[in-house]
Amino acid sequence: MSVFTAFEPLAAIAVTPTGIAALRPFCLAAGIKLWVPESIVQPDCQSFSGSLRSLLPDLWQTHRGIVFCLATGAVVRLIAPLLKDKGTDPAIVVVDENRQFAISLCSGHQGGAENLTRLVAEQSGATPILTGASTRAELPGIDVLGVSFGWRKGEGDWTGVSAATARGETIQVIQEAGSTLWQEHLPAQHPFNFDVDYSERPAARIWISPIQRRFSPESDFPKVQWHPRVLWIGIGCERGTSSRLIASAIDRTCRAHHLSESAIAGIASIDLKADEVGLLEFCRDRNLPLRCFSSEHLRSIEVPNPSAIVAAEVGTPSVAEAAAILAARPDTQHPTPDTLLRVKKQIVREEGEAGAVTIAIAQSQQELIDRTGQLWLIGTGPGAIEQITPAARSAIAQADVVIGYSLYVDLVSPLLRPGQIVETSPITQERQRGDRAIDLAQWGLTVAVISSGDCGIYGMAGLVMEQLQQRGWDGKSPKVQVFPGITALQAAAARVGAPLMHDFCAISLSDLLTPWSVIEKRLTAAAAADFVTAIYNPRSQTRTQQIATAREIFLQHRKSDTPVALVRSVYRPDEQIMLTTLGELDVEAIDMLTVVLIGNQSTRQHGDWLITPRGYLGFGEESSPA
Ligand code: SAH
């Protein structure tokens, strides 16, 4: 299951049959390799021979997370010799054999052990044990602040700043680049101060900037720096220029302008250079994207240093400056080049090295995240939190962003995690919600769009996928996953017994997007075919006639004593259930929070229950499996 994607490769280890039984179900469901001793190996497990101590160093090197089912003490002893750095060590989670607890043991923030622990706990029904300081304070950890946005951690006293946060001291934040979305979604009591007053000595400071700052060890308060990836390096070079010269030109230019190489988003050039060996090699070595533009496109950009010679050679007066600006420029805006260009064209040559590199650096408004974004379309069930599937719960807890109608987001608020971006909007703004979710996912974030019930039944899933299609989606990026939920008709049926036991259908009476003539035709067909029928969107304040007409249509095909259930706000605190008949149906009692279940000709009421026989021939006569 790909809610674990962020932690892959992920391994699990159990050394007893009970331990295997504890981890195996969720390992199987999530495609996680479960390592077990040769002597007790079981199907779908990976066996190891010899001691666990000799297996571990390999797993440690190659995995981002390891889940143990073993005593905490034993795990501590096993991993102690391998611990190096909380930035690179894998996330370690320990689960007990009874699956009562999942403990985040180490690499909590950076390694994501706390998130992994929440996930494992969700999947195995355990209680997560998290002891990180900012978990207590309901704050995103300082050392994970920019992870969703692809920011890179720079130099600084990370322990010092984290400690100041844990002590509840005020942390000054100076953000010069990158998204400020995170600032808008902090808890009311947060320690950050964004109004910079240089005359006051803060307890700690966070810089968010492409600038590479050197902090003096004598400084009297701790400082750290995050680098959002906003720098686009425009490169022009002679044929055959080596990757070494390109690297050296970039390094020197960045250093001369105090720019951090961690803030580099990518390299930009002219399409003639798309096969330039040195350039490709450099991009591969540094894992940077290369964006190439045509000479026509480059020609359209106004630059400070156009060159007639270059124009005569390649058809545009600028490669480095124009390409940097184009790469840094959002498609929709046209800011003046001056505001974007951080470093104007420089030409770098080196003694004894063939070729020359022209370099310019532009800064983009929006940082590069450099991940395939995810769109998770999630059904949250009818209302109560325990009616949400474990997969949907994990996904909600895991997403960078949660978007939904405010009422539904409130319902899932216990699942939300510190640092998550939560955007709510009024019920009517579905299209805007869809567009916003797609924008953020295209940027590289993991976005959960939530709908009540099932999101693919009169919910957001269809709308978002239609919008994606209109926007030229390739079906892959952003990656879409749909998480099913319990829809209103199932929830309502469960509360009144077993009314859906035979063939049934759902019809929405909302004629906002469907012509009434079509709805009427379907009502007639459903009534005539004796389907048990669930009516969604039955009646709003202004749309009152439809349900009366629906009743008349059903009365033409079914007896007036046909049982009907009006189920309002099912599984919510104000739930109301009313059993009636087609003949006595009071349409005034119905509103938009109601789903109406109309029985078929065999449905009967028994006390407070509705029962539709499994077969028309009577109970038990058909021997299909339950
Ligand atoms: N995606 C939702 C349906 C949204 S359409 C689902 O799968 O359930 C909105 C309609 O659904 C409402 O007008 C009502 O008819 C029905 N509905 C949704 N939640 C409900 C609830 N908790 N109780 C009763 N009806 C509900």
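Taking segment 528-541 as the search range and keeping residues that are surrounded by 15 or more Cβ atoms within 10 Å (Cβ to Cβ) and under 10 Å from N600 (Cβ atoms), which one is farthest from the ligand (Cβ to nearest atom)? Looking at the filtered set, the residue picked out is D530. Scanning segment 20-73 for residues that are exposed (fewer than 14 other Cβ atoms within 10 Å of the Cβ), within 20 Å of L105 (Cα to Cα) and of a type in the set (S, T, N, Q) yields Q61, T62.
For segment 573-614, a residue qualifies if it is aliphatic (A, V, I, L, M) and free of Cβ contacts under 8 Å to residues at least 24 places away in the same chain, and the qualifying residues are M578, A589. In this entry, D85 passes the filter for residues that are of a type in the set (D, E), under 31 Å from the mean Cα position of the chain (by Cα) and in a loop (DSSP other than H, G, I, E, B).
If you take the residues of segment 447-498 that are farther than 30 Å from A6 by Cβ and away from the ligand (no atom under 14 Å from the Cβ), which of them is surrounded by the most Cβ atoms within 10 Å (Cβ to Cβ)? Selected residue: G497.
Scanning segment 499-527 for residues that are within 13 Å of the ligand (Cβ to nearest atom) and either touching a Pro at 6+ places or on another chain (Cβ under 7 Å) or not in a loop (DSSP other than H, G, I, E, B) (or both) returns A506, I507, S508, L509.
A256 meets the conditions (1) surrounded by fewer than 15 Cβ atoms within 10 Å (Cβ to Cβ); (2) modelled with pLDDT under 95 in every case but one. The failed one is (2).
Within segment 1-46, the set of residues being over 14 Å from I66 (Cα atoms), of a type in the set (V, I, T) and in a helix (DSSP H, G or I) comprises V3, T18, I20, I40. Which one of S219, S199, S209 is in contact (Cβ under 8 Å) with a residue 12 or more places away in the chain and of a type in the set (S, T, Y)? The match here is S209. Filter segment 542-580 down to the residues that are near the ligand (Cβ under 8 Å from one of its atoms) and surrounded by 22 or more Cβ atoms within 10 Å (Cβ to Cβ) and list them by number. V567, V570, listed by residue number. Confirm whether T524 is farther than 30 Å from T389 by Cβ and modelled with pLDDT of 95 or more. When the stated conditions are applied, T524 passes them. The number of residues in segment 388-404 being farther than 17 Å from T127 by Cα and surrounded by fewer than 20 Cβ atoms within 10 Å (Cβ to Cβ) comes to 0. A count restricted to segment 357-386 and to residues that are part of a loop (DSSP other than H, G, I, E, B) and within 20 Å of the chain's Cα centre (by Cα) stands at 9.
The values are calculated or read from the model by the stated rules, or taken from the named source; none is laboratory data. From a predicted model like this one, the values you see are computed outputs, not experimental measurements. Heads up, the Cβs are rebuilt from the backbone with ideal geometry, glycines too, and the neighbour counts pull from every protein chain shown.
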